[in-house]
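Below: the structure, in structure tokens.
Coordinate-derived values only; no laboratory data. As the structure is a computational prediction, the values presented were derived from the model and not from experiment. FYI the Cβ positions are ideal-geometry reconstructions off the backbone, even for glycines, and counts take in every protein chain you see.
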Amino acid sequence: MAADTSSRSWLSRLRHIGKRPEERRGRVQDTPRRLQRRHVPENSQEVVDRQAGINELGEYEHSIFSDATTLVGERPRDHTEMLHGLAHHDSFDSIVDVARGQAGEHDDVQRVAHQRSEKHERMIASLPSSIWQIIASYLDYASAASLAISSKTLLEKVTSEPLQHLHQPLNRPQLIRFLNLLDADLPWHLLCFPCAKYHFRNNPGREKLHTDFVNHPVFTCPKVYSSTLPRIRLTHNRELPYAFIQLAIRYTLHSPLHGIPPETLCRRWTDSGWQHQTRYMVHEGHLLVRIRSQIFAPPNLTETGERHLLYERQNYTPFFSVCAHWRDGELMRLCKCALSHVPPPPQSYLRQLRAAPSVNRSLAHPGMLARQCDDCRPARRCPECPSEYLIEVNLVEDRNDARMRFKHALVVTRWCDLGDGKSPSASPEFCAIKGEKADYDSFSNVGRRAVAGVFESKMSGAIPGQRMISLNPKNVKSGEQGHGWY
Ligand SMILES: [Zn+2]
Ligand SMILES: [Zn+2]
Ligand SMILES: [Zn+2]
């Protein structure tokens, strides 16, 4: 019986091979498929209304290139509209033009500005020069100079007086502000702050951050021997020139022609037993950096041992990355506190019995995880600059040690906002980090989220779990004279 059923089913399947699905289901119709949709019974008005504009899949058909299909009602099919819909909608520019347009994105703006200037030129000219000069007198020198250079007519009306004011030494911050306004229009140049001029970039787009950056200049500056290149200390023996902050921000803000990607600044290196790693990103026009430094930390260090581990012996500054206010806060005390939590190595029962006639199980089997106290576990934020620190004791693999593969390491992570790249002497964040700006209130500028939160949410998708408190809760400012830092 079962064999009979299966043979019948096989025979029936063989008969249907090569037929359309409608024919298989026994609903064979002579009408072509495209005409089936339009076939509507004449006596059924209700069916006509419901099926209007619905294809065989049960979907409404909407035209892509026009808004002909509206809720008002069905419009007659417009063949001209269909032909226009098939037309080429992109530009017929060459690949070079398209690439240039994508890179610059200023072409359209410039074209529109050009058309507007012709249209409004007469309106500008119709106002007398005295009124334009009164308007310029209400502006600062940088804005007045920008107004003067925006067109020939305006230069005649406003005169070159604001430009002359900018050349006075007292107005240098205004001059830098005025030059920064031209930044987007000069992709092949970079603003040099000691000269207050735009220099041509030596290697546009191929600039590399070298350790010896003095011998690999971004541009050729005539003041190279008589001025100090603006820079910031990253760690011991490593600095970041200000030109690379500018390049990374220009790349993100303007176009790839204007700079280099922030990711190309990331580095990893070893120095005096410390392993350092930097990572950069641009957020809302500011360059953010994360510097992670780690060193294997032996347990039970003496006070001198801790100092040798943390400080270099030339200037007595920490090996890892710190802001200018590291002596004031509790940073170094917290590092030493974290070092005290490194668990001691296991002591065998035999070794314990040699020392004293008693054994302790916890000494023979100590936990491998370092438990930090409530003091050194939270992340800390410097109250005077946008720097945040996290001190951890982690278990890290040491590939060079075959006997003891996993060791404890002190890991100090610093997140920092390096500013907007507008000026090394006026950018509030950059000056605060260097300790040149005293009135920066870090906690009022932090906003909705700390630098660490912004950075980690973008890089790894998760923000650090530790709460954040002030690095200097008592606001004690004793500087180098204080005794706590060493
Ligand atoms: Zn220069
Ligand atoms: Zn602690
Ligand atoms: Zn600071």
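Extension gain, ASP439 to ALA355, is 24.4 nm, computed as 0.36 nm per intervening residue step minus the present C-alpha separation. Stokes-Einstein diffusion for region 182-262 at 20 °C, viscosity 1.002 mPa s, with a Kirkwood radius from C-alpha pairs, works out to 165 µm²/s. Between the amide H of HIS408 and those of ALA297, VAL396, distances stay under 5 Å, these residues lying 5 or more places away or on another chain, with hydrogens modeled in the peptide plane. Relative to the current alpha-carbon distance between ILE149 and MET459, full extension at 0.36 nm per residue lengthens the span by 107.4 nm. Remark on ASP271: its backbone amide H falls under 5 Å from those of HIS276, a criterion applied only to residues 5 or more positions apart or on other chains, H modelled at 1.01 Å from N. In sequence order, region 190-207 has phi-based couplings of 9, 6, 9, 6, x, 8, 6, 9, 8, 9, 6, 6, 5, 9, x, x, 10, 5 Hz under the Karplus curve 6.51 cos²θ - 1.76 cosθ + 1.60, θ = phi - 60°, and Gly or Pro positions carry x.
Charging the Cβ of each Asp and Glu at -1 and of each Lys and Arg at +1, and nothing else, the dipole of region 115-171 about its Cα centre rounds to 200 debye.
When region 115-171 is described by a simple charge dipole with +1 on each Lys and Arg Cβ and -1 on each Asp and Glu Cβ, the residue from LEU139, GLN168, SER150 located farthest towards its positive end is SER150. Cα centroids of region 414-469 and region 270-320: how far apart, whole angstrom? Using only Cα atoms to place each centre, the spacing works out to 19 Å. Distances between placed amide hydrogens fall under 5 Å for HIS283 paired with LEU288, all partners being 5 or more residues away or on another chain.
What you get for region 133-251, charging only the Cβ of Lys and Arg (+1) and of Asp and Glu (-1), is a dipole of about 300 debye around the Cα centre. A Förster radius of 45 Å, combined with the Cβ-Cβ distance separating ASN300 from SER227, puts the computed FRET efficiency at roughly 0.35. The gain in end-to-end length when the SER340 to LEU186 segment is fully stretched comes to 50.1 nm, 0.36 nm per residue minus the alpha carbon separation. Normalised by 2.2 N^0.38 Å, where N is the number of residues, the C-alpha radius of gyration of region 250-305 stands at 1.68. 3J(HN,Hα) along region 253-264: 7, 9, 6, x, 5, 7, x, 10, x, x, 5, 6 Hz, from the Karplus curve 6.51 cos²θ - 1.76 cosθ + 1.60 with θ = phi - 60°, whole Hz, x for Gly and Pro. How charged is the neighbourhood of GLY461? Take every other residue with its Cβ under 15 Å from the Cβ of GLY461, and add Lys/Arg as +1 and Asp/Glu as -1. So the environment of GLY461 carries a net charge of +3. The simple spin-label model puts a point 7 Å past each Cα toward its Cβ; for PHE406 and ASN203 those points are separated by 4.2 nm.
With Rh defined as the Kirkwood radius, the inverse of the mean 1/r over Cα pairs, the Rg/Rh of region 358-442 is 1.23. Computed from the alpha carbon atoms alone, the convex hull of region 115-171 holds 71 Å³ per residue. Model label points for MET368 and GLU239, set 7 angstrom from Cα along the Cα-to-Cβ axis, are 4.3 nm apart. Extending 7 Å from the Cα toward the beta-carbon at both ILE469 and GLU263 defines two label points whose distance is 3.9 nm. Taking every alpha-carbon pair within region 214-372, the share separated by more than 27 Å comes to 47 percent.
Mind giving me the FRET efficiency for GLN275 and SER478? R0 is 41 Å, r the Cβ-Cβ distance, nearest 0.05 is fine. Using R0 = 41 Å, I get an efficiency of 0.80.
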